[in-house]
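Written out below as structure tokens is the structure these notes cover.
Every number here is computed from the coordinates shown, using simple stated rules; none is lab data. As the structure is a computational prediction, the values presented were derived from the model and not from experiment. So basically every Cβ, Gly included, is an ideal-geometry build from the backbone, and we count neighbours across all protein chains shown.
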Amino acid sequence: MTISGVMRTGEVCIRVMDLDAAREHYGERVGLIETLRDEDGTTYYKAWDEHDLYSLVIRPADHPGIEHVAFKAVDDATLTEVAAKLDALGFPTTELPAETMPRSGRRFRFTLATGHEAHLYAEKEQCGNGMPLRNPGTIPPPGTVRGMRVVRLDHCLLGGGDIDGNIPVFKDAFGWSLSEKLIDHETEMTLAMFWTGSNTPHDIAFVRQPDDNRFHHASFLLESVNDVYHAADLMGYYDIPVDVGPTRHGITRGATIYFFDPSGNRNEVFTDGYLHYPDTPTLVWDTSKLGQATFSQDNTPRQSFLEVLT
Ligand SMILES: [Fe+2]
């Protein structure tokens, strides 16, 4: 699709149990830039090449998981239009005033069929990427790119029961495309769906799980496969628990590592993948090739990857 309506997954808010450890993880090790901090400890981060003031929010809590995911519309008129479509499609929205999230405009809150709290917004203060808008050059000031050299928030993967129930949200209200899906090779039941509103292979994905409102991972874009290897070296250096990788997915063709934050929330660093266009057909994987669909270098599915969610 043309990137004109709902542009991307612009914000994910996750719960962390040990705030100091989480700040060290996301700020110093992953290398995100802290931009705001609330009195309750809630901390806001951006990756270096994002212009918006924050894309990752960590909130102190007594259990891990996702608090909300937020999608950014291109302008306020689109926000109104898409919220009306959600209402008409049976996803009632509640309007939240500006500053519900700091330095961000009014939002519409709704609940996905998988039980996740979702927001739709159009405005957030922009602080730039450290490079001038006129004659920007090619790199930000030395020292800006740190840790795992994350470029931007890429996507997240959420778990819940009725993943088909989210089709009206992403297809009909957002106008996004289903880039890929994973089905059971015997029953043809859809087990995972990958949605894109842009040129990337996915902006959000859902995996069928017995329980609703589960969080599988938030994924951060890196510039190159070389940076994936560099991130792996940092994980070794800091003794960060690694789930899988470095390897490559069959689905999306992305190079990847899965690892955990100190609260047990899964993170991913990701790069590559193909360019998606509106006329790109939906790719279907079935579970007879589950190993290749998930990890295409050794074609071996991982139990922890399939079963551990927060
Ligand atoms: Fe991912």
Quiz item: Considering the dipole of the chain built from charges on the beta carbon (Lys and Arg +1, Asp and Glu -1) around the Cα centre, which of Phe260, Gly147, Thr294 is farthest to its positive end?
Solution: Gly147
Quiz item: Which FRET efficiency, nearest 0.05, do Arg146 and Met17 yield, Cβ-Cβ r, R0 25 Å?
Solution: 0.55
Self-check item: Dipole of the chain, positive end: most advanced residue of Ile3, Thr80, Val207 [Cβ charges, Cα centre]
Solution: Ile3
Quiz item: From the phi of every residue in the stretch 5-16, what ³J(HN,Hα) in whole Hz does the Karplus formula 6.51 cos²θ - 1.76 cosθ + 1.60 yield, where θ is phi - 60° and glycine or proline is x?
Solution: x, 9, 7, 5, 6, x, 7, 10, 10, 10, 8, 10
Quiz item: Which of Thr310, Pro132, Gly250 sits closest to the plus end of the dipole of the chain, meaning its Cα is farthest towards the positive end, when Lys and Arg get +1 and Asp and Glu get -1 on the C-beta?
Solution: Pro132
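Note down the relative contact order for the stretch 152-307 as a percent, whole number, built from C-alpha pairs under 8 angstrom at least six residues apart.
On the way: 335 pairs, mean separation 39.2, N = 156.
Contact order relative to length: 25 percent.
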Quiz item: Which of the lysines could be linked to Lys72 by a straight reach, that is with a Cα gap under 20 Å, when you skip same-chain ones fewer than 8 residues away?
Solution: Lys46, Lys85, Lys124, Lys171
Self-check item: Protection proxy ranking of 162-171, 59-68 - average other beta-carbon atoms within 10 Å, highest first
Solution: 162-171, 59-68
Practice problem: Give the whole-number value, in cubic angstrom per residue, of the convex hull volume spanned by the C-alpha atoms of the stretch 6-121. | Solution: 106
Quiz prompt | Rounded to the nearest 20 debye, dipole of the chain from Cβ charges on Lys, Arg, Asp, Glu | solution = 540
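Stretched out fully, how many nm does the piece from Ala84 to Asp162 gain, at 0.36 nm a residue minus the Cα gap? Present the calculation step by step, with values, prior to reporting the outcome.
Details: separation 78, 0.36 × 78 = 28.08 nm, distance 2.23 nm.
Working it through step by step, the gained length comes to 25.8 nm.
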Exercise. Would you pull out the residues with amide H under 5 Å of Glu180's amide H, same chain only if 5 or more places away, H placed 1.01 Å from N?
Key: Phe194, Leu283
Quiz prompt | Dipole moment magnitude, nearest 20 debye, the stretch 13-116 about Cα centre, only Lys, Arg, Asp, Glu C-beta charged | solution = 260
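What order do you get for Leu222, Leu283 when you list them from fewest to most C-beta neighbours inside 10 Å? Kindly include the intermediate steps, with their values, before the conclusion.
Values: Leu222 28, Leu283 19.
Fewest-to-most ranking of Leu222, Leu283: Leu283, Leu222.
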Practice problem: Compute the FRET efficiency between Glu186 and Thr94 as 1/(1 + (r/R0)^6), taking r as their Cβ-Cβ distance and R0 = 41 Å, and round to the nearest 0.05. | Solution: 0.50
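Among Val269, Val225, Val12, what is the fewest-to-most ranking by other Cβ atoms within 10 Å?
Details: Val269 29, Val225 14, Val12 23.
Fewest-to-most Cβ neighbours within 10 Å comes out as Val225, Val12, Val269.
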Practice problem: Work out the length of the dipole vector of the stretch 152-307 about its Cα centre, built from +1 on the beta-carbon of each Lys and Arg and -1 on the beta-carbon of each Asp and Glu, and round it to the nearest 20 debye. | Solution: 140
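Restricting to Cα pairs below 8 Å that are 6+ residues apart, what does the relative contact order work out to for the chain? Please round to a whole percent. The partial results should precede the final answer.
Values: 761 pairs, mean separation 55.7, N = 310.
Result for the chain is 18 percent.
Normalised by the residues of the stretch 109-177, what does the relative contact order come to in percent, with Cα pairs under 8 Å and at least six apart?
Working: 36 pairs, mean separation 25.8, N = 69.
37 percent.
Largest first and in whole Å, give the semi-axes of the chain's equivalent ellipsoid, each being the square root of 5 times a Cα gyration tensor eigenvalue. Show your work: numbers first, answer last.
Working: eigenvalues 137, 127, 75 Å².
Semi-axes (√(5λ), whole Å): 26, 25, 19.
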